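Everything below concerns the one structure shown next.
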Amino acid sequence: MTPNEMEELLDLLDRHGGRLENWPAEARAKAEAWRQDSAVAARQIAAMRRVEAALAASHPGVPDEANALAARAMQEHQNNPQRMLARRISWGVAGALALVAGVYVGSLPRLDAAPSDIVAAALDQSGGRDVW
Amino acid sequence: MEDADDELLAQVARGDGVAFSRLVALHRGKLIALAARIVGNRAVAEEIVQEVFTRAWIHAPRWRPQGDGRANVTGWLVRVATNLAIDQTRRVHYAPLDSAPEPIDTSISAEQQLMADDDRRRLAAALAALPPRQRAAIALTYDQGLSNAAGAEAMAISVGAFELLLVRARRTLRQAMMEDKAQ
């Protein structure tokens, strides 16, 4: 195995990890051949696999305390008046917008009304009768 | 899953505490694992995740799934947890996760068990020496099982930048394992 090939192997290992089965086919074929030919190559591949095995073995698992965490998150929120205010303001703004939209929509002429009624209503709102 | 998340978040937006508990139950474990790997401290990780869910509770009313490239609840939670954890490492010195004794694996020999324990200790030391963003790339890839594209999105960087972090982290960890083996 040449120094260039070793450099290529290390580059591939760092790019794709130690599981050769997940590598692109061409790269995997080269790595398999290098592993057969060179003890150093085999050790490098094994080192990456040991890293990944140790990562899997040291995965920081967590006991199930979801309800307690949810309660704490909500409590934290309630204990923080600024955040409470921000949430209330967002609801308040949404409510005010809904009210304004409701008033506006209520003031629009009904589509199922007779055309003369629609015109009359529009005129009433605009004071247009005085124009005529 | 995403539709279920969106529905849960819609219920949370209406102040539904039960839906919030379900959202927390769905995501809490993975988020704590992610944060713990980055900050190296489970208690700090739990505080980070509590903050993530506090933000979710606050921002739920403003949540809007968006079209094809729609905002993704899981992606948002992972992104916030990752950012908070990286920020936290600027304030708190990283300490390797408490290595509680692993259960004995009876399928391997005592010698293999010793080697595995040794590898875990070496890995912990090497992880501690990595820059926090490289640790985050490792956590997103190996603990969360994310693709490079999803990992890049979680860290709000390009895929190329994420791959570079991952390559550098893997190189450091592999070399640490080789050096230790040579000693």
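The values are calculated or read from the model by the stated rules, or taken from the named source; none is laboratory data. What you are looking at is a predicted structure, and each value in this text was computed from that prediction instead of being measured. To get the accessible areas, we keep the full protein, side chains included, count just its heavy atoms, and leave off ligands, DNA and RNA. Shrake-Rupley method; radii C 1.70, N 1.55, O 1.52, S 1.80 Å.
Points worth noting:
- Element breakdown for the range A:3-58 at a 1.4 angstrom probe: carbon and sulfur atoms account for 51% of the accessible area.
- Karplus-derived 3J(HN,Hα), 6.51/-1.76/1.60, for each residue of the range A:10-25, Hz, glycine and proline x: 5, 4, 5, 4, 6, 7, 10, x, x, 8, 4, 5, 8, 7, x, 3
- Each Cα pair of the range A:3-58 feeds into the Kirkwood radius, which the Stokes-Einstein equation turns, at 37 °C and 0.692 mPa s, into a diffusion coefficient of 291 µm²/s.
- Solvent-accessible area buried by A and B, counting both chains, probe 1.4 angstrom, square angstrom: 3800 Å²
- Residue-by-residue Karplus 3J(HN,Hα) for the range B:39-56, coefficients 6.51, -1.76, 1.60, Hz, glycine and proline x: 8, x, 8, 5, 5, 5, 4, 5, 5, 4, 5, 4, 5, 4, 6, 4, 5, 4
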